[in-house]
Amino acid sequence: MSNLNIPVYLDYSATTPVDERVAKAMTDCLTLQGNFGNPASRSHVFGWKAEDAVVEARKNVADLIGANPKEIVWTSGATESDNLAIKGAAHFYSSKGKHIITVKTEHKAVLDTCRQLEREGFEVTYLDPEDNGLVDINKLAAAIRDDTTVVSVMHVNNEIGVIQDIAAIGALTRSKGIIFHVDAAQSPGKVAIDVNAMNVDLMSLCAHKVYGPKGIGALYVRRKPRVRIEAQIHGGGHERGMRSGTLATHQIVGMGESFRIAHEEMDVENARVEALRDRLYNGLKDMEEVYVNGDLEQRIPGNLNISFNFVEGESLMMSLKDIAVSSGSACTSDSLEPSYVLRALGRNDELAHSSLRFTLGRFTTPEEVDFTIAEVRKAVEKLRDLSPLWDMFKDGVDLDSVQWAAH
Amino acid sequence: MAYSDKVIDHYENPRNVGKMDADDQNVGTGMVGAPACGDVMRLQIKVDDNGVIEDAKFKTYGCGSAIASSSLVTEMVKGKTLDEAAAIKNMEIVEELALPPVKIHCSVLAEDAIAAAIADLREKRGETAPAKAESAA
Ligand SMILES: Cc1ncc(COP(=O)(O)O)c(C=O)c1O
């Protein structure tokens, strides 16, 4: 394999390729010769063998977050885990109160779940993060009311890669007796997780950001002190009644194996990926008018979210056809609104439109980073030559003083 | 999103990129859009003594379809009188570039840019826009 694979994949926060070792473990769980049984079959060896595999996977997932395997509930992914956690806890504890606190930069799986609860009569406070993307614990504390039952704050942000101080929030919510849910879809293998040290009550996880398969995730549900949730999917009573449905052995085994590898190789991998991310940033930062979005220190190693002022993100991606990245530009969505995450940081709309998210990972090479630097520089230069805003900037015009014709 | 070949062609080889002297009496400048909305087009036209557009230049901040729309427009207006140029409709741009529905606003912006450039030129020359073609007929 060459060290430069074109197109270069730098969108690891969208999803990751499945690690070969994971794929191998999964394919062993499908055919007649393999471990295909239903883990719930108690009466024969096919079921027992499948259950053994699920037990091992459960342990691997639990180990990575410092939990007991009995606290892991399999789901179809982080979206389902977020729904189950927030709706499940809000409903279960609704006799205590109907107020929920979350943050404006959360994933849609959390925000839309909260919107649904609002339609059902719950009240939700959406906190503004600071300009660096981090939550001010004092503002969170100030938002807590007597009827607050659930606080939901993500661990690692999917767009800007910043890491919230989960332990500080957990200490606060525990002292107030509030259920604390954490969307940790982006963190396994990137930041250490310890649900006990962090006082987390519910944690959403998924496999496909960790070199595991899509369509499988888990929800950590604390047992001591016991956290209760209302099931959202009813049926055969699997997963102690919290999530019914026949367990997908191959998916679960894939998630378990991906978490085992992530846990084991985390330190080495993060050092390598961070060096590559810094190489990328160093190759771009001397350009004029580039801005990093989100805190650079409290950030996972593989994320660089950067705005190239006076260049629009979608056209930039069009120039970078050999590089797979994503943008906060409105044009990449159907909504005509730029990234709500960048706007919540107080970034003006122009800079949100001009942003690119590079996310590096296990298979990124130095050659790919160098290729990307060269391509990005070339594309930005070309588009600035085409940009009337760049002209005006160079002529010393203050763009904020211009009366733009709104449309 | 997949782009049409024509959008890609205009994007990769934009026609008539540049800037003309905005103070020239024969140059009309139209700037439309807003940075906060993700697109700004600057279209400039230059007329000869007979009032025919002899040159056009653009610069655009925006997505690929916005760049392609303005590049196309510079080609369309050349050789036209101001009245003929003013009659260009955004749907002609949509058809020529095969723009998808979410990109129609780019063509609208390009039509607005032509109108703004013509208005600027007419104002400079102390002309008022002639009555609409319908009422003249
Ligand atoms: C922070 C965060 N939460 C939730 C999700 C949704 O995860 P899934 O695709 O497993 O449903 C994602 C990924 O898209 C994410 O990044």
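The values are calculated or read from the model by the stated rules, or taken from the named source; none is laboratory data. Note that the coordinates shown come from a computational prediction; the quantities given were computed from them, not determined experimentally. When we count neighbours, we look across all protein chains shown, and the Cβ atoms used for this are built from the backbone with ideal geometry, even at glycine. These accessible areas exclude ligands, DNA and RNA; they are computed on the full protein's heavy atoms, side chains included. Shrake-Rupley method; radii C 1.70, N 1.55, O 1.52, S 1.80 Å.
So which aspartates and glutamates can A:Lys98 reach, going by Cα to Cα under 12 Å and dropping same-chain residues fewer than 8 places off?
Reachable aspartates and glutamates: A:Glu118, A:Glu120, A:Glu123, A:Asp146, A:Asp147.
How much length would be gained if the chain were fully extended between A:Phe363 and A:Asp146, taking 0.36 nm per residue of separation minus their Cα-Cα distance, in nm to one decimal?
Going from the current span to full extension adds 73.3 nm.
Share of chain A's accessible area from carbon and sulfur, percent, 1.4 Å?
After summing per-atom areas, the C and S share lands at 51 percent.
As a test of understanding, state the convex hull volume per residue of the range B:56-114 from its alpha carbons, in Å³.
67 Å³
How many partner chain Cβ atoms sit within 10 Å of a residue's Cβ in peptide A:350-357, on average, as a whole number?
Mean inter-chain Cβ contacts per residue within 10 Å come to 3.
Modelled label-to-label distance, A:Leu4 and A:Gln116, 7 Å Cα→beta-carbon offset: nm?
So the two model labels end up 4.7 nm from each other.
May I ask for the distance between the Cα centers of the range A:217-254 and the range A:262-303, given as a whole number of Å?
35 Å
Which of the trypsin sites (Lys or Arg not before Pro) found in the range A:34-126 are in a DSSP loop and have at most 11 neighbouring Cβ atoms, other than their own, within 10 Å?
A:Arg42
In whole Å, what are the Cα extents of the protein assembly as shown along the three principal axes, biggest one first?
Ordered largest first, the protein assembly as shown gives principal extents of 94, 58, 46 Å.
Under the definition of partner shielding as Cβ atoms of other protein chains within 10 Å of a residue Cβ, what is the mean value for peptide A:383-395?
Mean partner-chain Cβ count within 10 Å for A:383-395: 5.
Quote the FRET efficiency, to the nearest 0.05, computed for A:Asp128 versus A:Glu337 with a Förster distance R0 of 22 Å and r equal to the Cβ-Cβ distance.
In this case the efficiency is close to 0.80.
Keeping every protein chain present and rolling a 1.4 Å probe, give me the accessible area per residue for the range A:22-158 in Å².
On a per-residue basis, the range A:22-158 sits at 44 Å².
Please report how far the C-alpha centroid of the range A:367-407 lies from that of the range A:1-67, rounded to the nearest whole angstrom.
45 Å
Please compute, for peptide B:25-36, the average count of beta-carbon atoms on other protein chains lying within 10 Å of each residue's beta-carbon.
Mean partner shielding for this stretch: 4.
Tell me, what ³J(HN,Hα) does each residue in the range A:5-18 have, in order and in whole Hz, if you take phi through Karplus 6.51 cos²θ - 1.76 cosθ + 1.60 with θ = phi - 60° and put x for Gly and Pro?
These are the phi-based 3J(HN,Hα) values: 9, 9, x, 6, 8, 10, 10, 5, 7, 6, 5, 10, x, 6 Hz.
Over chain B, average the accessible area per residue using a 1.4 Å probe and give it in Å², no decimals.
44 Å²
Could you report the buried accessible area between A and B, both sides summed, computed with a 1.4 Å probe and given in Å² to the nearest 100?
The summed interface area works out to 2500 Å².
When the Cα centres of the range A:128-198 and the range B:61-135 are compared, how far apart do they sit, in Å?
51 Å
Please provide three numbers in whole Å: the alpha-carbon extents of the range A:1-71 along the principal axes, with the largest listed first.
Largest to smallest, the principal-axis extents are 51, 34, 17 Å.
Taking a probe of 1.4 angstrom, what is the accessible area of A:Thr31 in Å², to the nearest 10?
Rounded to the nearest 10, that gives 80 Å².
Measure off 7 Å from each Cα along the Cα-to-Cβ vector at A:Asp370 and B:Ala98, then give the distance between these two points in nanometres to one decimal.
For the pair A:Asp370/B:Ala98, the computed spacing is 3.9 nm.
Based on the Cβ-Cβ distance of A:Lys214 and A:Glu289, what FRET efficiency does E = 1/(1 + (r/R0)^6) give at R0 = 56 Å, to the nearest 0.05?
With R0 = 56 Å, the Cβ-Cβ based efficiency is 0.90.
Using the Karplus curve 6.51 cos²θ - 1.76 cosθ + 1.60 with θ = phi - 60°, work out ³J(HN,Hα) for each residue of the range A:75-84 in order, rounded to whole Hz, and write x for Gly and Pro.
Karplus-based 3J(HN,Hα) across the range A:75-84 equals 9, 8, x, 5, 4, 5, 4, 4, 4, 5 Hz.
In the range A:298-397, what chymotrypsin sites (Phe, Trp or Tyr not before Pro) fall in a loop by DSSP, with at most 15 other Cβ atoms inside 10 Å?
A:Phe363
Between A:Phe36 and A:Arg174, with labels modelled 7 Å along Cα→Cβ, what's the label distance in nm to one decimal, could you check?
Spacing of the two 7 Å Cα→Cβ label points: 4.7 nm.
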